1. Pairs under 7 Å by beta carbon, first residue without any contact (Cβ under 8 Å) to a residue 60 or more places away in the chain in the range 297-312, partner of a type outside the set (S, T, N, Q) and surrounded by fewer than 23 Cβ atoms within 10 Å (Cβ to Cβ), six or more apart or different chains?
2. Report whether or not Lys106 is under 18 Å from Val307 (Cα atoms) and in contact with a Leu (Cβ under 8 Å, 6 or more places away or on another chain).
3. In the range 79-112, what count of residues is obtained for those that are in contact with a strand residue (DSSP E or B) (Cβ under 7 Å, 6 or more places away or on another chain), in a helix (DSSP H, G or I) and among the aliphatic types (A, V, I, L, M)?
4. Take the range 165-199 and flag every residue that is assigned to a loop (DSSP other than H, G, I, E, B), farther than 14 Å from Asp140 by Cα and not acidic (Asp, Glu).
5. Give the residues of the range 1-39 that are without any contact (Cβ under 8 Å) to a residue 40 or more places away in the chain and in a loop (DSSP other than H, G, I, E, B), sorted by residue number.
6. Anything in the range 296-313 that is crowded, with 19+ Cβ neighbours inside 10 Å, touching a helix residue (DSSP H, G or I) at 6+ places or on another chain (Cβ under 6 Å) and not in a loop (DSSP other than H, G, I, E, B)? List them, or say none.
7. Could you list, in sequence order, the residues of the range 265-295 that are part of a helix (DSSP H, G or I) and open to solvent by less than 10 Å² (accessible area, probe 1.4 Å)?
Amino acid sequence: MTHQFPLIFDGHNDVLTNLYRDGGLSASESFLTGRKGAIDVNSAKEGGFGGGFFAVWVPSPMDVDDAFEKMAAEKYDLPLPELITANEALPVVLSQAAILFELERKGALKVVRSAAEIRECMDQGIMSAIFHIEGAEAIDPDLHALDVLHAAGLRSLGPVWSRPTIFGEGVPFRYPSGPDIGGGLTDHGLRLVERCNQLKIMLDLSHLNEKGFWDVAKRSDAPLVATHSNAHAICPHARNLTDDQMRAIAESDGMVGLNFAVAFLREDGRMLTDVPLEQMLRHIDHMIGILGEDRVGLGSDYDGAEVPEDVTTAAGLPRLCEAMQNHGYGNELIKKLCHENWLRVLEKTWGA
């Protein structure tokens with residue numbers, strides 16, 4: 001299918017966790033034939049979704065619907081789930097990774113390990129997928145699992161989801177709030193940063209608290225990246241980035257992917273989906289003002305969040321591109337936001 005706008009390479013989705021919950025390998029077929037969710041082969045083709053970071057995430061024993069309902073209130077502070085041990089987490093991570101490679105075997109996508117491979121996939125009309133882990137619960141203190149997962153294709157890692165790990169602490173779902181909550185990286189976390197740098201695994205700072213953010217900034221020799229975060233100056237949610245954090249990301253020549261989750265977009269922080277596309281552009285404008293045009297992209301959080309009604313699935317992505325065009329963004333900037341900025345930072349991080 002020919003699209004008016006550039007293909008989109010996206011910073012974050014939770015398709016694998018949803019397929020895992022829906023039955024695992026047996027549910028993978030729905031990704032090809034059609035599923036109740038934001039991304040599958042059909043919606044990707046319709047919306048020009050060229051690929052992105054496919055997250056592996058270990059669910060906490062929590063009621064997601066109840067959490068979303070609480071986040072619709074004017075103020076909220078959801079308690080953080082407890083730490084999950086490596087023994088509990090590793091089987092879940094392996095199960096979701098197996099789903100990713102099953103999708104590759106079925107021809108739905110290609111698991112990529114270089115920016116050059118992403119470009120090849122785009123040229124050939126093949127969906128590309130980065131093996132990403134959101135929260136390092138499955139990784140042991142000696143980092144042996146990290147080495148094995150890297151050998152299997154892992155190229156991006158978030159040290160934490162919002163609950164704590166042995167490596168650091170995340171921010172709770174709290175509004176209004178800043179991200180300066182809890183302590184910094186542990187000694188294990190500092191070693192994790194160093195090993196990821198050695199292996200050229202991209203470190204994702206979304207969900208990490210502010211002290212942990214600055215610990216990574218001081219320790220890492222790679223570009224700082226937040227795959228799915230927004231501007232705290234517009235929406236004062238604990239999950240969003242302050243201007244100082246974005247300035248540090250700019251100085252490192254990293255980037256930020258715009259999160260479509262409505263609670264992080266709306267000024268009132270509420271999990272309500274009646275969010276105009278113009279509100280998404282307000283965040284992009286603010287981020288470009290600090291980060292520059294080369295360091296902002298998209299990080300939808302598809303299949304893991306409530307998103308604006310105009311872009312509920314990947315099929316709706318052209319509406320966002322059209323809104324960018326109507327907002328005055330030129331073709332070159334739209335291409336950067338859609339995929340070129342992600343490819344730039346991945347080339348710099350991975351060295352290819």
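The values are calculated or read from the model by the stated rules, or taken from the named source; none is laboratory data. All values derive from a computational prediction rather than experimental measurement. FYI the Cβ positions are ideal-geometry reconstructions off the backbone, even for glycines, and counts take in every protein chain you see. Heads up: the accessible areas ignore ligands, DNA and RNA and are worked out on the full protein's heavy atoms, side chains in. Shrake-Rupley method; radii C 1.70, N 1.55, O 1.52, S 1.80 Å.
1. Pro308/Val275; Pro308/Leu277; Glu309/Asp274; Asp310/Leu277; Asp310/Gly316; Asp310/Arg319; Val311/Arg319
2. Numbers: under 18 Å from Val307 (Cα atoms): no; in contact with a Leu (Cβ under 8 Å, 6 or more places away or on another chain): yes.
Against the criterion (under 18 Å from Val307 (Cα atoms) and in contact with a Leu (Cβ under 8 Å, 6 or more places away or on another chain)), Lys106 does not qualify.
3. Looking only at that region, the number is 3.
4. Passing the criteria: Val171, Pro172, Phe173, Pro176, Ser177, Gly178, Pro179, Ile181, Gly182, Gly183, Gly184, Leu185.
5. Residues satisfying the conditions are Thr2, Asp22, Gly23, Gly34, Arg35, Lys36.
6. Hits for the range 296-313 are Val296, Gly297, Val311.
7. Within the range 265-295, Leu265, Met280, Leu281, His283, Ile284, Met287, Leu291 qualify.
Matching residues to (1) among the polar types (S, T, N, Q); (2) farther than 27 Å from Glu347 by Cβ:
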| residue | (1), (2) |
| --- | --- |
| Pro176 | no, yes |
| Glu194 | no, no |
| Leu199 | no, no |
| Ser206 | yes, no |
| Glu210 | no, yes |
| His232 | no, yes |
| Ala248 | no, no |
| Glu251 | no, no |
| Ala261 | no, yes |
